Structure formats: structure tokens, C-alpha cells
Amino acid sequence: MQDISLEQAISVLLEHTKKIEAVEEVPLLEALGRVLAEDAVATFDNPPFDRSPLDGYTFAAAGTKGATKVAPAAFTVIGEECAGDFFAAEVPAGSAVRLMTGAAIPKGCDCVVRQEDVTVEDGRIFVPYELHHHENYCFAGEDVRKGTRAVERGTELTAAHLGVLASLGFGTVKVLRRPRVAIASTGDELVLPGEPLRPGKIYNSNLYALAGRLRELGFEPEVLGILPDDAEQAAAVIADWQAKADLFLTTGGVSVGKKDIMHEVVRLIGTRLFWRVCIKPGAPVIAYTVGDMLGIALSGNPFASYATFELLTRPVLEAFSGRSSVAGRAVEGFLADAFPKPSYGRRFIRAHYEAGIFEIPAQHDSGSLFSAAGCNALIDIPAGTGPLMAGTRVKGVLL
């Protein structure tokens, strides 16, 4: 299958993508962004005891009946309790305990008065107004009741979820396994940053851009480096990962040149799903399978590989992981700048989107990544569109 639409390509990829159901248990501090594999149910009331919401004194409210500034109610202070302490004795009528915010309210007490509202003399406090039953009083279970499903299975865990789970005593949680993604570049012309740049060579930016993008999206790729421009050697490396990876990403080797080896690689070890998608940049994408592993071979042009990763690979990663946050978001807005080129085929151009306005950088070449650094969107220009004037309403994908 070749020369298919973007939507068809995504559909084919998703047909060969199964949500990962394998479960692993991880420390709570490592669970951010992971998908919860089972309901998290509160095993106790939280907070686990009635407590004070302020610094003050606690006693039986009935002892303040009729209290005024002129005739305040008096209580003998018999103890003090900070948060984390516990006053075990029952407080008798006419007595009070000094409490700090968050401290447990002792038996015999049913209210708290602010410490700045009372007068303290000779071990006694004087309360100048009436208090009522459960005034300034936080109840056990006020946040979460025992038996409550605090976080639902399938939830992508945020920092707030981690806080809730920590408050309920979860030191570890069961989450879905992350998709295993291997990534490599092809091309004898490539060298890694930090190495000497010999004549005819270029530094490999694709590997770093896409590995970084995967990490931004919450995945931990296996970065394999540069594969040689030899189909058999490259095929052997990729085939070795079929039992270890869910997705194998490569850049380069997908067009029709002498060293575009990925066609032969797929023929040697896998089954091709499609080649070429009707978009610009990055049309010569190859999708294939090797056993149960899905492979996507992207263009070697830096921005083309970046754009097609966003358009084709992110839906796959969302389906594998069950994380809705991975998907790009459709947006509409107006062009701040003119785009003078006609689009004979469907074209995606980089832009910065904010408050309904798309700003287009001057450089659009698929081999240039520099101008993408300040961009957060791709404008979707339909096939057959002429030059666009500033102010034109367009659709795009927010990255």
C-alpha cells in the first residue's frame, strides 16, 4: 500500500497497535504520568481523626454559654498538643487543651477557639464569646472516607493524584507498563555530537530531537545510535528487538536513493504496511511489522522527521499507553503572517500558536530544524490551496 492519506496511515498503524495491559508495581515517586492499573481505594478515613483547623484552644462548647467580653468563660489549661502529638486523656468540663493547627481534638472537646481571641492568665484562658458544637472543627474522613475509590483505574497520574495517594499511605502503585520504544538513525554520513566533524559528515540531530520528544511525552526510549547503510546489518539490529520493543523508530533511508536501505530491511525481516503518505514534509514514511513489533521509518530530513513523528507516531503512542495526554490537540486560528507558497499537496507548516494566532517563521525547509525551536503547532494546509494572506483562518495541531 502506498500514497495514502494521513488519516488512512494513522488507521493502518492503529490496526497494528494494541494497548499494553501488562502491569508493574512502581514506587509512588516514579508514578507521575503513568496509567493506574487498578482502583486505589481508601483503607481508612483521611484525615484519620478529628482535628483543629487553627492554632488555639479546645474544650466543650457548652462551657461558653452566655460568655461576653464583660463576663468571659474561663477554662483551666491542662495540656498542649502539637500536630503529630496525641492527648490521650478525656478533657473534663471546665478544662481546655492548647492545640496547634492539624492536631487531633481530644475526647470531651467539640470546638476550637483562636488563640488570639482569648486572654491567658495564671494557667487559665478567658473566652469572650459563645462557641457552638463543632465550631472550628475538622472531621475525620473530611477529605476521603474509608472505602472511597480515591483514584480510578485507567487514570493518568498527575502530581495531585500522587498527593492523594500519598495521603492514603500508598508507597507503591500498580501501573501499566510503558511502551518500549527503540530509536535509531540510518546514514553513514552521520556522526554523534562530540565527535570530530570530518569532511562530508553531519551531526545527527534527529536522534536527539526525537529521543528528547519521547521523554517530553513521558516515555523512556532505548536510544541505539546510528545504523550502518547496510540493509543486512541494519535488519539484524532491528530484528533483534522484535521481542524487546513494542515500537521501533528510525530516521532516514526511506526514499529512492542508492542508500535508502529501509525498503530492503523491511523485505528481509518484516511485512510492509505502507510506503508514502500524502503530506509534505515527510511523505516517504515506511510502516512495517516484525512479528508483534511495529516499525515506523521516518524521513531523514530533520524537520520532516520531527513533523511526521508528531502526526503519525503520537497516535500510536497514545494507543499503546492509554494516555490521552499524548495526542495532539486540534486548534483553529488566524495567520499573523502571509504564506506565499501554493500547496499542491497537503502541507504542514511549523508555527507558534497563542491566543488564536499562528505566527509562521521565515524558514520552512524540511531539512531545517532551527526554526522549529520556537514553534508549538503545525498548520494543516489542504491540497490545492493557493498562497495564504495574513488574517486567513486555518486549522492546525497543537503539539
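Table for the structure above
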{"quantity": "Difference of contour (0.36 nm per residue) and Cα-Cα distance, D188 to F334", "calculated": "48.3 nm"}
{"quantity": "Euclidean distance between Cα centres, the stretch 124-165 to the stretch 311-329, Å", "calculated": "36 Å"}
{"quantity": "Stokes-Einstein translational diffusion, the stretch 110-203 - Kirkwood Rh over all Cα pairs, 1.306 mPa s, 10 °C, in µm²/s", "calculated": "76 µm²/s"}
{"quantity": "Extension gain (nm, one decimal) between R124 and Y344, 0.36 nm per residue minus Cα-Cα", "calculated": "70.4 nm"}
{"quantity": "Low-density loop cleavage sites - trypsin sites (Lys or Arg not before Pro) in the stretch 210-286, where at most 12 other Cβ are within 10 Å (DSSP)", "calculated": "K244, K258"}
{"quantity": "Long-range HN-HN contacts of T148 with modeled amide H, under 5 Å", "calculated": "A42"}
{"quantity": "Percentage of interatomic Cα-Cα distances in the stretch 246-399 larger than 21 Å", "calculated": "48 percent"}
{"quantity": "Residue with peak Gaussian network fluctuation, the chain [Cα springs, cutoff 10 Å], from A103, A239, A88", "calculated": "A88"}
{"quantity": "Signed unit charges on C-beta, dipole axis of the chain, positive-most listed residue P47, W241, C109", "calculated": "W241"}
{"quantity": "Projected label distance in nm at Q233 and K395, using a 7 Å step from Cα toward the beta-carbon", "calculated": "4.5 nm"}
{"quantity": "Test item: Cα-centred dipole of the stretch 105-157, Lys/Arg +1 and Asp/Glu -1 on Cβ, debye", "calculated": "440 debye"}
{"quantity": "At 0.692 mPa s and 37 °C, Stokes diffusion of the stretch 159-200 via Kirkwood alpha-carbon radius, µm² per second", "calculated": "214 µm²/s"}
{"quantity": "E264 paired with E195, simple spin-label distance in nm, labels 7 Å along Cα-to-beta-carbon", "calculated": "2.1 nm"}
{"quantity": "Nonlocal amide H pairs with E130, under 5 Å, H built at 1.01 Å", "calculated": "A67"}
{"quantity": "Length gained when the stretch Q8-N376 is fully extended (0.36 nm per residue, less Cα-Cα span)", "calculated": "130.0 nm"}
{"quantity": "MRE, 222 nm, helices only [DSSP H, n ≥ 4, -39500 (n - 2.57), over the chain, to nearest 500]", "calculated": "-4500 deg cm²/dmol"}
{"quantity": "Residue of V97, V144, V326 that the Gaussian network model of the chain assigns the largest fluctuation, springs spanning Cα pairs under 10 Å", "calculated": "V97"}
{"quantity": "Alpha-carbon Rg with Dmax, taken over the stretch 1-56, Å", "calculated": "22.8, 75"}
{"quantity": "Fraction of beta bridges assigned by DSSP in the chain that are antiparallel (%, nearest 5)", "calculated": "65 percent"}
{"quantity": "GNM top mover of E90, E81, E156 - the chain, alpha-carbon springs below 10 Å", "calculated": "E90"}
{"quantity": "Rg(Cα)/(2.2 N^0.38 Å) for the stretch 312-399, N = residue count", "calculated": "1.13"}
{"quantity": "Nonlocal Lys pairs with alpha-carbon distance under 27 Å, the chain (8 or more apart, or different chains)", "calculated": "16"}
{"quantity": "Alpha-carbon spread of the stretch 8-159, three principal axes, descending order, Å", "calculated": "83, 30, 22"}
{"quantity": "Heavy-atom accessible area per residue - the chain, 1.4 Å, Å²", "calculated": "48 Å²"}
{"quantity": "The chain - percent of accessible surface contributed by carbon and sulfur, probe 1.4 Å", "calculated": "52 percent"}
{"quantity": "Kirkwood Rh in Å, taken over all unlike Cα pairs in the chain", "calculated": "25.8 Å"}
{"quantity": "Kirkwood hydrodynamic radius over Cα pairs of the stretch 133-254, then Stokes diffusion coefficient at 25 °C and 0.890 mPa s, in µm²/s", "calculated": "131 µm²/s"}
{"quantity": "Fraction of antiparallel bridges per DSSP, the stretch 136-288 only, in percent to nearest 5", "calculated": "20 percent"}
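The values are calculated or read from the model by the stated rules, or taken from the named source; none is laboratory data. Just so we're clear, the structure is a prediction, and the values are computed from it rather than from any experiment. All Cβ positions, even for glycine, are placed from backbone atoms using ideal geometry, and neighbour counts span all protein chains on display. Keep in mind that these areas ignore ligands, DNA and RNA; they rest on the heavy atoms of the full protein, side chains included. Shrake-Rupley method; radii C 1.70, N 1.55, O 1.52, S 1.80 Å.
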